[in-house]
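Have a look at the structure below, then the notes.
What follows is calculated from the coordinates using simple rules that are stated; it is not laboratory data. Worth saying up front: this structure is predicted, and the values here are computed from it rather than measured. Here Cβ is always computed from backbone atoms with ideal geometry, including for glycine, and neighbour counts include all displayed protein chains.
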Amino acid sequence: MGFMQKIAARSPWLYRINAGSCNGCDVELATTACIPRYDVERLGCQYCGSPRHADIVLITGPLTARVKDKVLRLYEEIPDPKVTVAVGICPISGGVFRESYAVCGPIDKYIPVDVNVPGCPPRPQAILEGIAQAIEIWKTRL
Amino acid sequence: MLEDLALPLAVLLFPGGLFALAFGLVLKGADRRVAARLQRRVGPPLLQPFFDLVKLAAKRTMVPDIAFRPVFLAAPIIGTVAMMLAAALVPIAGVYTPDPRLGDMLVLLYLLAVPAVAMMVAGSASGSPFGAIGFSREMVLMLAYEGPLLLVVGAVAVKTGSFSLTGIVAYQQAHGANLLDPVLWPALVAFMAFFPANLGVAPFDIPEAETEVLEGPLLEYSGPALGLFKMMSAVKAVVVVGLGIALFLPTGPEGALGLMVHAAKMLVLVLAGMTLLRTSVGRMRIDQAFAFFLKWPLALAAASFAVALAFA
Amino acid sequence: MNFLGILMRNLAQGPSTEAFPFGEATTPKGLRGRVHFDAAACMGCRLCEQVCAPGAIRFEKKKEGLGFLLWHNSCCFCGLCQHYCPVDAITLSEDWHLAHPESEKFAMVEEGLLPNVACAGCGKETLSIGVNVATLAFQPTAEEMAQLHALCPACRRKAAAAMQAARKDAGTGGQP
């Protein structure tokens, strides 16, 4: 991997998508960003406000029917190369809402997921671990 | 031959161009690190803004279908070039005197307005409604802070008897820094209020508010175009801080030591005026910011101007 | 001006950031993490399957015996299975290092098997009694445990009655 890619890999920007989540995992994601205890800026990450600036996409929620089209459209807006992390068990398998009529199933039916972080919600440290694994994958795609 | 090269070198290498860019990014890195430490966090490495720029260069710029493509792509370029030119216009006492062919105070004030206009135009050219909101807020904010800036510059010019930056610096080298002059203290306060507004730092980071308008004008930018905007913002920091130092505290040793002292002054000004402020306050609303600028900074700068005029 | 004092105090106190992922992370005692299934202790009552909130636990009657399967990507770590298991066969450890790449998605399972044994009394295929429930019910010695282990429920009833009678005769009171 070239020198430039090594440098570029030290600045992965995070973007959160809430695909119908109960907000529990989103609270944990906010915790990893804002609480001094779990500073995610050490890894060079920062939460960006625009999908166009994103490198690592954090998806929570079991892709409810209501929000499905919007999430898929939003996902297309994020430029490559990107890495997708499914945070919480809802995007991985549907979680506790699995057999609901309003849930469009695991997210990897529609979106290529790279890293899964199970938990309901996962610990901030577990999310950090997932983000670290995602950064390793992102380095190979730069 | 060397004299012919001096001007382009000043714009492209030192103190404009590469030097201003590198130093601006270091200032931003220091600001982020110290802000983290003030919040009891570890913070990113000092060179993080450099890594951000390299990463942005590696991605691709997506242009939305509804955007006006020529302006969308030209806005960041114009902003960055204007700032690099402006950086070559700011004198560093004992180290660098700008070439009079480049222009002087008026050109500098005009060039300082260009990045804000570039941001506004970018917001409107991107075609998104958030960009339009960012455009209108940037315009209102600019209207608010340009007034106090002009009055501060006017007050210093009247006090020092010269409207050229080199003249202002020369006067202070002869009569002592303006920082020690009580007549200009209100102007100094007004400048410290203008400084975070121009650089888009809390409490005045309204046009680029992340959570409110999804980064406003920058929403649709990605890749190298966004990198250019980040470069523009870094060089603008160097220019504005350099202007502040030239107006109020340019005195210092000559040569290489003078350059280091100048850099230290810039770092102190950024940390005290920007970092400390942005970690302790939240964001103002646009109407609050507009009203604020039309009250205190304007009044203080006008007071300084009037007193300086009276005692001229 | 109070906030200036707070900021200066923050600078003096230094960062309060946890070292993870560049160092160890603190794990509180009793954290509900990866699930462990002890097949020897399980008695096959399937209470955990009943109370599992997202339905992550499946029991399956296979040729070799009763299979237990828990998928961690469906488990919400509520701990109801641990709470309701009468014999502590299913427990949640403190291991929270569960992040994995997509390729390992279906490997995040905890499996177990309660093997079929041939009954020592009548030769029928049966599940052996769980160790914990046997201990709870009979408090057997080692030889008694070896006897009760490979018996179907009918033969086990007969053997347990014989065991109780033998204990009464030996003077240990009969009642376990």
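Calculated from DSSP H runs of 4 or more alone, at -39500 (n - 2.57) each and per residue, what is the 222 nm mean residue ellipticity of chain A, nearest 500?
Details: 5 runs with 50 residues, N = 142.
Dividing the helical sum by the residues of chain A leaves -10500 deg cm²/dmol.
To the nearest 500 deg cm²/dmol, what mean residue ellipticity at 222 nm is calculated for chain B from DSSP H runs of n ≥ 4 alone, each contributing -39,500 (n - 2.57), summed and divided by the residues?
So the helix-based figure for chain B works out to -23500 deg cm²/dmol.
Show the residues, 5+ positions off or on another chain, whose built amide H is closer than 5 Å to the amide H of A:Leu63.
The answer is A:Ala19.
What is the magnitude of the charge dipole of the range C:1-105 about its Cα centre, with +1 placed on the Cβ of each Lys and Arg, -1 on the Cβ of each Asp and Glu, and no other charges, expressed in debye to the nearest 20?
260 debye
How many nm separate the modelled label positions at A:Ala65 and B:Ala74, each set 7 Å beyond the Cα in the direction of the Cβ?
Taking the simple label geometry, A:Ala65 and B:Ala74 are separated by 5.0 nm.
Give me the extension gain from B:Ala306 to B:Met62: residue separation times 0.36 nm, minus the current Cα-Cα distance, reported in nm with one decimal.
Using 0.36 nm per residue and subtracting the Cα-Cα distance, I get 82.7 nm.
If you split all Cα-Cα distances of chain B into 20 Å bins from zero, what percentages do you get per bin, shortest first?
Per 20 Å bin, starting at zero, the Cα-Cα P(r) for chain B comes out as 32, 60, 8 percent.
Once every DSSP H run of n ≥ 4 in chain C is given -39500 (n - 2.57) and the sum is divided by its residues, what mean residue ellipticity at 222 nm do you get, rounded to the nearest 500 deg cm²/dmol?
Computed mean residue ellipticity for chain C: -9000 deg cm²/dmol.
Could you tell me which of rounded, prolate or oblate describes the range B:48-113, using a ≥ b ≥ c as the square roots of the eigenvalues of the alpha-carbon gyration tensor, with rounded for a/c under 1.5 and, failing that, prolate when a/b is larger than b/c and oblate otherwise?
Oblate.
Going by amide H atoms built from the backbone, whose H comes under 5 Å of the H on C:Lys124, apart from near neighbours?
C:Cys119
Quick one: among A:Val96, A:Val87, A:Val71, which has the greatest mean-square fluctuation in a GNM of chain A with alpha-carbon springs under 10 angstrom?
Residue with maximal mean-square fluctuation among A:Val96, A:Val87, A:Val71: A:Val96.
Please report the relative contact order for chain C, taking Cα pairs under 8 Å with a sequence separation of at least 6, and give it as a percent rounded to a whole number.
21 percent
Test of understanding: extend the Cα→C-beta vector of C:His83 to 7 Å, then name every residue of the range A:91-120 with backbone N under 16 Å from that spot.
A:120
Choose one answer from C:Ala159, C:Ala150, C:Ala89: the residue with the largest mean-square fluctuation in a GNM of chain C with alpha-carbon springs under 10 Å.
Taking springs between Cα atoms under 10 Å, the residue moving most is C:Ala159.
Just rank A:Ile35, B:Ile77, fewest to most, by other beta-carbon atoms within 10 angstrom.
In increasing order of surrounding Cβ atoms, one gets B:Ile77, A:Ile35.
How much length, in nm to one decimal, is gained on full extension between C:Glu111 and C:Lys63, taken as 0.36 nm per residue of separation minus their Cα-Cα distance? Could the numbers behind the result be given before it?
Working: separation 48, 0.36 × 48 = 17.28 nm, distance 1.57 nm.
Using 0.36 nm per residue and subtracting the Cα-Cα distance, I get 15.7 nm.
Set the Förster distance to 45 Å, then compute FRET efficiency between B:Met260 and B:Ser136 from the Cβ-Cβ distance, nearest 0.05.
Numbers: r = 43 Å, r/R0 = 0.94.
That gives a FRET efficiency of 0.60.
Give me A:Cys45, C:Cys152, C:Cys78, C:Cys122 sorted ascending by neighbouring Cβ count inside 10 Å, so fewest comes first.
Going from sparsest to densest Cβ surroundings: C:Cys122, C:Cys78, C:Cys152, A:Cys45.
Sort B:Asp52, B:Asp99, B:Asp205, A:Asp69 by Cβ crowding within 10 Å, fewest neighbours at the top. Spell out each step's value before the answer.
Numbers: B:Asp52 24, B:Asp99 14, B:Asp205 19, A:Asp69 9.
Ascending number of Cβ neighbours within 10 Å: A:Asp69, B:Asp99, B:Asp205, B:Asp52.
Check each of the GluC sites (Glu not before Pro) in the range C:35-66 and keep only those in coil by DSSP with at most 10 other C-beta atoms within 10 angstrom; list them in order.
Those that pass, being in a loop and sparsely packed, are C:Glu64.
Convert each backbone phi in the range B:45-58 into a coupling constant with the Karplus relation 6.51 cos²θ - 1.76 cosθ + 1.60 (shift: θ = phi - 60°), then list the ³J(HN,Hα) values in order as whole Hz, x for Gly and Pro.
Working through the residues one at a time gives x, 4, 8, 4, x, 5, 4, 4, 5, 4, 5, 5, 5, 7 Hz.
What percent do you get for the relative contact order of the range A:3-141 when only Cα pairs under 8 Å and 6+ apart count?
So the answer I get is 28 percent.
Between C:His149 and C:Gln50, what is 0.36 nm times their sequence separation minus the Cα-Cα distance? Round to one decimal in nm.
So the chain would gain 33.0 nm between C:His149 and C:Gln50.
With θ taken as phi - 60° and the coefficients 6.51, -1.76 and 1.60, list the Karplus ³J(HN,Hα) couplings across the range C:131-146 in order, rounded to whole Hz; mark glycine and proline as x.
Whole-Hz 3J(HN,Hα) from phi for the range C:131-146: 4, 5, 6, 5, 4, 4, 7, 10, 6, x, 7, 4, 5, 5, 4, 4.
How many angstrom lie between the C-alpha centres of the range B:271-300 and the range C:53-67?
First find each Cα centre; the distance between them is then 64 Å.
Across peptide A:108-120, what mean number of C-beta atoms from other chains lies inside 10 Å of a residue's C-beta? Walk me through the numbers before you get to the answer.
Details: counts 2, 0, 0, 0, 1, 3, 3, 4, 11, 4, 14, 10, 8.
Averaged over the peptide's residues, the number is 5.
Skipping prolines and chain starts, which residues have an amide H placed within reach, meaning under 5 Å, of the one on C:Phe77, given they are 5 or more residues away or on another chain?
For C:Phe77, no residues qualify.
Can you bin the range B:153-216 into rounded, prolate or oblate? Criterion: square roots of the alpha carbon gyration tensor eigenvalues sorted a ≥ b ≥ c, rounded for a/c under 1.5, prolate for a/b above b/c, oblate for the rest. Could the numbers behind the result be given before it?
Numbers: a/c = 3.99, a/b = 2.86, b/c = 1.40.
Because a/c hits 1.5 or more and a/b exceeds b/c, the range B:153-216 counts as prolate.
I need two numbers for chain A: Rg to one decimal and Dmax as a whole number, Cα atoms only, in Å.
Gyration radius and largest Cα-Cα distance of chain A: 14.5, 50 Å.
What is the protein assembly as shown by shape, rounded, prolate or oblate, if you read a ≥ b ≥ c off the alpha carbon gyration tensor as root eigenvalues and call it rounded for a/c under 1.5, prolate for a/b larger than b/c, and oblate otherwise?
Prolate is the answer for the protein assembly as shown, as a/c is 1.5 or above and a/b outweighs b/c.
Within 10 Å of each Cβ in C:146-155, how many Cβ atoms from other chains are there, averaged over the peptide? Numbers along the way, then the final one.
Details: counts 0, 0, 0, 0, 0, 0, 0, 0, 0, 0.
Mean partner-chain Cβ count within 10 Å for C:146-155: 0.
Each residue of the range B:77-94 in turn: what ³J(HN,Hα) in whole Hz from Karplus with 6.51, -1.76, 1.60 and θ = phi - 60°, glycine and Pro shown as x?
Using θ = phi - 60°, the values come out as 5, 4, x, 5, 4, 4, 5, 5, 5, 4, 5, 6, 8, 8, x, 10, 4, x Hz.
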